[in-house]
Amino acid sequence: MPLALELMEKAKQKNVNLILPIDTLIADAFSPEANTSDVKSGNIPSDWMGLDIGPETAKLFSEVIKNSKTVLWNGPMGVFEMAKFEIGTKAVAIAVVEATKNGAFSLIGGGDSAAAVSKFGFEDQVSYVSTGGGALLEYMEGKELPGVKAIAG
Ligand SMILES: Nc1ncnc2c1ncn2[C@@H]1O[C@H](COP(=O)(O)OP(=O)(O)OP(=O)(O)O)[C@@H](O)[C@H]1O
Ligand SMILES: O=C(O)[C@H](O)COP(=O)(O)O
């Protein structure tokens, strides 16, 4: 939490638009048979958990993505492996595909993000899918990766 608050402050100082979820799909168990409900983010009862973004957030994120020229996607929106909690991740994936159709460069990174894109059958409709998760982000940060260094000589 302190790190999140620090990053939010940093984003504000740098005029970076940080968009957070406004609603959440909650469940009473980590299970495909769980009972679910949509609540405003911040209203999750203590014995429930958020397992996907809610429909309002899916709409909000999709709008931003569709209007972007470059998309770097790292991390699913929820537990997309269970059909009940795949809706948010699917909505984002559809928006990324649409942005790509409109000329955006879309880069998807991370084993689970790649699995999500593949599950929905969109692998060929985005610009690039990388299996690198943390390594991809470190590379984007400008860090030198030992493997890349060895290859580059
Ligand atoms: N609310 C949640 N509670 C528990 N697990 C979740 C929740 N939301 C997503 N997950 C799980 O987290 C995983 C996604 O992890 P992560 O965000 O690190 O993805 P990634 O960056 O694509 O993958 P990796 O870290 O392997 O490179 C998925 O398996 C998903 O089911
Ligand atoms: O699923 C994996 O193994 C990860 O996507 C690997 O990514 P990382 O080692 O770069 O985090």
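Odds and ends about this structure:
- Taking label points 7 Å from Cα along the Cα-to-Cβ direction, S37 and A83 give a separation of 2.4 nm.
- With a cut-off of 11 Å on the backbone N, the residues of the stretch 93-116 near the modelled label site 7 Å out from S127 along Cα-Cβ are 100-101, 103-108.
- Residues T70 and M1, FRET efficiency given R0 of 41 Å [Cβ-Cβ distance, rounded to 0.05]: 0.90
- Counting only DSSP beta bridges with both residues in the stretch 2-141, the antiparallel share comes to about 55 percent.
- Peptides 12-24, 42-54, ordered by how many other C-beta atoms sit within 10 Å of their residues on average, highest first, read 42-54, 12-24.
- Cα convex hull, the stretch 2-141: 120 Å³ per residue, rounded to a whole number.
- Size of electric dipole in the stretch 2-141: Cβ of Lys, Arg +1 and of Asp, Glu -1, about Cα centre, debye, nearest 20: 540 debye
- Pairs exceeding a 19 Å alpha-carbon distance, out of K66/K101; K14/K40; K40/K66; K66/K90; K10/K40; K66/K143: K14/K40; K40/K66; K10/K40; K66/K143.
Just so you know, all these numbers are worked out from the coordinates, no wet-lab data involved. Note that this is a predicted model, so its numbers are computed, not measured. Ideal geometry is used to build each Cβ from the backbone, glycine not excepted, and the neighbour counts take in all protein chains shown.
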